[in-house]
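Asks: Take a look at the following structure, please.
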Amino acid sequence: IHCKIFARVKDISSLREKILRKKRENNNIDYYTTDGRHIQDIIGIRLVTYFYEDVDLLWNICKKKFVVVNESVLKMDTKNFEPLRKNMVCQMLASDSSILDEIKHATTCPEYQLSDNTFEIQFRTTLSEGWHEVDHVLRYKSKEDWEDFLEEERMFNGIYAALETSDRTMKALFDDIAFKHYKNRNWSALLRTKFRLHFFDKSLSDQVITYLNEDKNLSKKIYKCDRNDIMAQLASVPIKFKLTTDNFLFYLVYTLDRTNKILGLAPENIMLDFKNYIQ
C-alpha cells in the first residue's frame, strides 16, 4: 500500500509540556496521575496514506494485529464541520513493555512514571498531513490564541475541508483513468491505477498480456471487482509473495475465477499457497 510511516518518542521536555498543558486545561488539577489516567502516546506512530480509502484499510489491519486499548474517531456531522481524526492506542508487545519498565525503573525523572505500556497510532492522508501538523503546533497546543477568532478558526477548518474534497477527487480521478486503461486494453496500467499498490516491476509479462487480450470476460471481472474487498482479503491471508504485477494478477484471478486457465502460468509455490490459505 502506498503510504509513509513516521514515528517519534516523546523526550522529557515534551512530556513536561504535555503534563502542564493538560493540567491547565483541567482547572489546574493534575490530569495525569500514577494511580489514575496515564500518558499513552510516549511512543507515537503515524501512518500517512496516499489515498483516503486506505486509511480504513490500514485501520482494520492494525486492529487485527495489535491489542487495541482505546479508539478515538471523530464521527462526521452534517451540521458542523470538524477535521476527521482517527487514532488508536495499542498495548505494547511483552518484549517492548519489559524494556519500557526497565527505563522507568532506572530513570530519576518522575514524568516517565505517568506513562503506561501503550503506544498511539494516528491515521492520515498525505494531503491532510501538512494541515494537521500546522494545527497541532499552532492551534491544539495554543487553544487560548484562538478564543476570540471564530471566523478565522472557521476559515482554517475550511482549508481542511478543501483538502478532504481533494482527497476524494483524486481517488475519483484515478478510477476514471483506470476505466480508460481498461477500454484501451492497457492491462499493466489498469492494475496500477485501479489497485494503487507498490509493485516491484512496471509491466505484466508478455504471456499474461496476450492472455488478457484474448479473454474479455476475465479483464472485465478484474476491472469491475471491488478494490477494497480484494485488499482486505490480501491483508488477512498469511501469504508472503513478491508483489510483482504478474503475481498480483494471479492472486486476483484466483480470488475471482480460480478455474481460469491463466493460472497455469503462475509459479507452483504461489499456487500452493493460494490453495492452502485462500477460501
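The values are calculated or read from the model by the stated rules, or taken from the named source; none is laboratory data. Just so you know, these numbers come straight off a predicted model, no measurement behind them. Every residue, glycine as well, gets a Cβ built from its backbone with ideal geometry; the counts of neighbours run over all protein chains shown. Accessible surface areas use protein heavy atoms only, side chains included; no ligands, DNA or RNA. Shrake-Rupley method; radii C 1.70, N 1.55, O 1.52, S 1.80 Å.
Asks: How many residues are assigned to a loop (DSSP other than H, G, I, E, B), modelled with pLDDT of 90 or more and either in contact with a Lys or Arg (Cβ under 8 Å, 6 or more places away or on another chain) or more than 27 Å from Ser115 (Cβ to Cβ) (or both) if we restrict to segment 60-96?
Replies: Number of matching residues: 0.
Asks: Okay, next question. Would you check if Phe156 is outside any strand (DSSP E or B) and closer than 26 Å to Leu243 by Cβ?
Replies: Details: outside any strand (DSSP E or B): yes; closer than 26 Å to Leu243 by Cβ: no.
So Phe156 fails the test.
Asks: Being open to solvent by 70 Å² or more (accessible area, probe 1.4 Å) and modelled with pLDDT of 85 or more: is that true of Glu133 here?
Replies: yes
Asks: Among the residues of segment 1-43, what is the count of those that are surrounded by fewer than 15 Cβ atoms within 10 Å (Cβ to Cβ), of a type outside the set (S, T, N, Q) and part of a loop (DSSP other than H, G, I, E, B)?
Replies: Of the residues in that region, 7 qualify.
Asks: Here is a further query. Looking at Asp167, Asp176, Asp148, Asp201, can you tell me which residue is assigned to a helix (DSSP H, G or I), more than 20 Å from the chain's Cα centre (by Cα) and either at pLDDT below 95 or acidic (Asp, Glu) (or both)?
Replies: Numbers: Asp167 fails: more than 20 Å from the chain's Cα centre (by Cα); Asp148 fails: assigned to a helix (DSSP H, G or I); Asp201 fails: assigned to a helix (DSSP H, G or I).
Going through Asp167, Asp176, Asp148, Asp201 in turn, the sole match is Asp176.
Asks: Considering only segment 101-130, state which residues are among the aliphatic types (A, V, I, L, M), touching a helix residue (DSSP H, G or I) at 6+ places or on another chain (Cβ under 8 Å) and either loosely packed, with under 15 Cβ neighbours inside 10 Å or part of a helix (DSSP H, G or I) (or both).
Replies: Within segment 101-130, the first condition is being among the aliphatic types (A, V, I, L, M), and the residues that meet it are 103, 106, 114, 121, 127.
Applying the additional criterion that residues be touching a helix residue (DSSP H, G or I) at 6+ places or on another chain (Cβ under 8 Å) yields 103, 114, 121, 127.
Of everything in segment 101-130, those that are among the aliphatic types (A, V, I, L, M), touching a helix residue (DSSP H, G or I) at 6+ places or on another chain (Cβ under 8 Å) and either loosely packed, with under 15 Cβ neighbours inside 10 Å or part of a helix (DSSP H, G or I) (or both) turn out to be Ile103, Leu114, Leu127.
Rundown of residues vs (1) touching a residue at least 40 places away in the same chain (Cβ under 8 Å); (2) of a type in the set (Lys, Arg); (3) touching a Phe, Trp or Tyr at 6+ places or on another chain (Cβ under 7 Å); (4) open to solvent by 60 Å² or more (accessible area, probe 1.4 Å), yes/no style:
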position	(1), (2), (3), (4)
Lys171	yes, yes, yes, no
Asn184	no, no, no, yes
Thr193	no, no, yes, no
His198	yes, no, no, yes
Leu204	yes, no, yes, no
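Asks: Against the definition (modelled with pLDDT under 95 and either surrounded by fewer than 16 Cβ atoms within 10 Å (Cβ to Cβ) or among the polar types (S, T, N, Q) (or both)), how does Phe274 come out, yes or no?
Replies: Working: modelled with pLDDT under 95: yes; either surrounded by fewer than 16 Cβ atoms within 10 Å (Cβ to Cβ) or among the polar types (S, T, N, Q) (or both): no.
For Phe274, the condition - modelled with pLDDT under 95 and either surrounded by fewer than 16 Cβ atoms within 10 Å (Cβ to Cβ) or among the polar types (S, T, N, Q) (or both) - is not met.
Asks: Looking at (1) crowded, with 16+ Cβ neighbours inside 10 Å; (2) within 28 Å of the chain's Cα centre (by Cα), which is the only condition Val208 fails?
Replies: (2)
Asks: Can you say whether Tyr112 is of a type in the set (Ser, Thr, Tyr) and touching a Leu at 6+ places or on another chain (Cβ under 8 Å), as far as the supplied structure shows?
Replies: Spelling it out, Tyr112 is indeed of a type in the set (Ser, Thr, Tyr) and touching a Leu at 6+ places or on another chain (Cβ under 8 Å).
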